[in-house]
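These notes concern the structure reproduced below.
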Amino acid sequence: MSKKYKVGDWVEVRSKEEILRTLDAKGQLDGTPFMPEMFQYCGQRFQVYKRAHKTCDYSTKYPYHTRRLADTVHLETRCDGAAHDGCQAGCLLYWKHAWLKPVGKNSADLRGTGSAASATASGCNEAAIWNNTKVSDPAGGAPTYVCQITQVPYATTPLAWWDIRQYFQDYASGNSSLGSILGSFFYSAYYHLSQAGIGLGGGMRWLYDKVSPKLGGTLFPRKPGLIPDGMPTPKGRLDLQPGELVRIKPHLEILKTVGSDNRNRGMYWDAELVPYCGGTYRVLKSVTKIIDEKTSKMVDMKNPCIILDGVVCRAKYSDCRLLCPKEMYPYWREIWLERAEAKDPQASPSSGLSSELSDAQEMERAQR
């Protein structure tokens with residue numbers, strides 16, 4: 001069996017013509033679409049960012065679960081939404097092995113992996129790729145979008161959280177360190193024991209708050225908001241612009257802005273955001289519209305939210321989908337942020353590399 005790509009391996013994106021030969025009439029390979037936003041990377045070289053052997057599926061109701069992918073990696077490339085009416089989610093793109101060729105020292109080991117040369121001509125062309133980005137509503141309603149994220153249920157197979165083989169892949173691929181894996185296991189066990197209804201919950205959370213910060217960790221990540229049920233949650237507006245530096249407020253201060261359901265005006269405050277509290281980051285952009293994974297429809301946010309450069313979901317505390325490499329951008333209310341001085345010594349470097357929908361729709365994806 002061919003060796004699989006690891007984090008750090010160099011690959012080259014194949015030419016447009018080679019990639020088109022791997023696609024079916026819908027512009028897909030094994031259910032994964034090759035999107036128009038990806039053509040700009042043809043012929044370029046990248047290091048593998050993550051092995052995409054699994055991914056989160058937010059198309060169903062909570063609790064969300066992990067799905068298994070085959071022969072797929074993430075490069076340091078994100079969708080700019082240009083072919084999907086300006087969707088601003090900035091999702092990390094999925095690259096099938098057949099769309100890549102190895103370069104450098106790993107070329108010999110991976111020769112033949114996903115070879116485009118052996119692919120059967122499909123008759124797919126660039127126009128078909130563009131035409132398959134959305135489907136019009138015969139009744140004149142909003143179109144349904146087709147992208148790599150909306151196709152996750154069709155391009156993957158179920159993966160149980162207890163299937164320990166996925167965690168061996170996390171380590172062997174370089175996706176996660178042994179410390180990260182063990183830390184996530186410890187938190188998961190600790191959290192579920194605290195929720196077991198045996199009278200230990202309060203004491204365990206108190207102990208976590210006392211010990212974790214001394215070890216360089218956070219307060220207990222899953223704390224309920226402090227605003228009582230039925231009470232309105234506050235607004236805050238900074239009119240932040242791309243490139244500005246902001247400091248994320250402390251965890252306990254943010255809890256004063258969310259209800260007991262951990263929402264501020266519909267946007268979910270999640271444990272995955274807690275490790276970033278107190279840090280200083282640069283504003284990447286203000287988000288006003290995204291494609292909803294549940295409905296495949298474009299959703300306009302009632303109030304813009306912020307995404308920060310280098311701030312992504314690490315899936316350290318996510319129930320049933322630990323260590324998912326999808327790394328979506330979490331969404332931030334401006335009330336959770338404050339402007340920082342340009343020379344802030346805690347400013348976090350860019351890595352180069354959820355939330356309010358319309359009305360009652362939820363954006364818990366990546367923030368549960």
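In segment 172-232, the alpha-carbon atoms span a convex hull of 140 Å³ per residue. Here GLN47 and MET231 are evaluated by their C-beta separation; at R0 = 56 Å the FRET efficiency comes out at 0.70. The largest-to-smallest principal axis extents of the Cα set in segment 3-51 are 33, 21, 18 Å. Listed by chain and number, the lysines whose alpha-carbon sits under 22 Å from that of LYS289, ignoring those within fewer than 8 places in the same chain, are LYS61, LYS134, LYS235, LYS297, LYS302, LYS326. Treating r as the C-beta distance of GLU76 and LEU252 and R0 as 30 Å, the FRET efficiency rounds to 0.30.
Within segment 150-190, the proportion of C-alpha pairs whose separation exceeds 14 Å stands at 58%. Dividing the summed helix terms, -39500 (n - 2.57) for each DSSP H run of n ≥ 4, by the number of residues in the chain produces a 222 nm estimate of -4000 deg cm²/dmol to the nearest 500. In a DSSP loop and with at most 12 other Cβ atoms within 10 Å, the trypsin sites (Lys or Arg not before Pro) in segment 236-331 are ARG237.
Placing +1 on each Lys and Arg Cβ and -1 on each Asp and Glu Cβ, with no other charges, gives the chain a dipole about its Cα centre of roughly 800 debye. Stokes-Einstein diffusion of segment 125-228 at 4 °C, 1.567 mPa s viscosity, Kirkwood radius from Cα pairs, rounded to a whole number: 70 µm²/s.
Using a probe of 1.4 Å on the protein chains alone, the accessible area found for VAL135 is around 80 Å². Take every Cα pair under 8 Å whose residues are at least 6 apart in sequence, average their separation, divide by the length of segment 124-224, and the relative contact order is 9 percent. One compactness figure for the chain is 1.02, namely its Cα radius of gyration divided by 2.2 N^0.38 Å. If you take the charge dipole of the chain about its Cα centre, with +1 on Lys and Arg Cβ and -1 on Asp and Glu Cβ, which of MET38, ALA189, ILE291 is farthest toward its positive end? It is ALA189, whose Cα lies furthest towards the positive end. Annotation: lysines with alpha-carbon distance below 26 angstrom to LYS210 (same-chain offsets under eight excluded): LYS223, LYS249, LYS256, LYS316. What percent does the relative contact order of segment 1-94 come to when contacts are Cα pairs within less than 8 Å and at least six residues apart? The normalised contact order for segment 1-94 reaches 26 percent.
Here, segment 33-108 yields an orientationally averaged convex hull projection of 6.1 nm² when only Cα atoms define the hull.
Karplus-derived 3J(HN,Hα) values for segment 260-273, using 6.51 cos²θ - 1.76 cosθ + 1.60 with θ = phi - 60°, are 5, 8, 6, 10, 10, 6, x, 8, 8, 9, 10, 4, 5, 8 Hz; glycine and proline are entered as x. Label 7 Å along Cα→Cβ of ALA142; segment 41-67 residues with amide nitrogen under 20 Å? Those under the cut-off are 58-62.
Taking every Cα-Cα distance in segment 253-311 and sorting them into 10 Å bins starting at zero, the pair-distance distribution P(r) comes out as 18, 44, 35, 3 percent. Selection among TRP269, VAL211, LEU245 by position relative to the dipole of segment 172-272 gives VAL211 as farthest towards the positive end (Cβ unit charges, Cα centre). Across segment 242-314, C-alpha contacts under 8 Å between residues 6 or more apart give a mean separation that, scaled by the residue count, equals a relative contact order of 33 percent.
The values are calculated or read from the model by the stated rules, or taken from the named source; none is laboratory data. What you are looking at is a predicted structure, and each value in this text was computed from that prediction instead of being measured. Because the Cβ atoms are built from the backbone with ideal geometry, glycine has one as well, and the counts that use them run over all protein chains shown. Remember, those area values only see protein heavy atoms, side chains included, never the ligands or the DNA or RNA. Shrake-Rupley method; radii C 1.70, N 1.55, O 1.52, S 1.80 Å.
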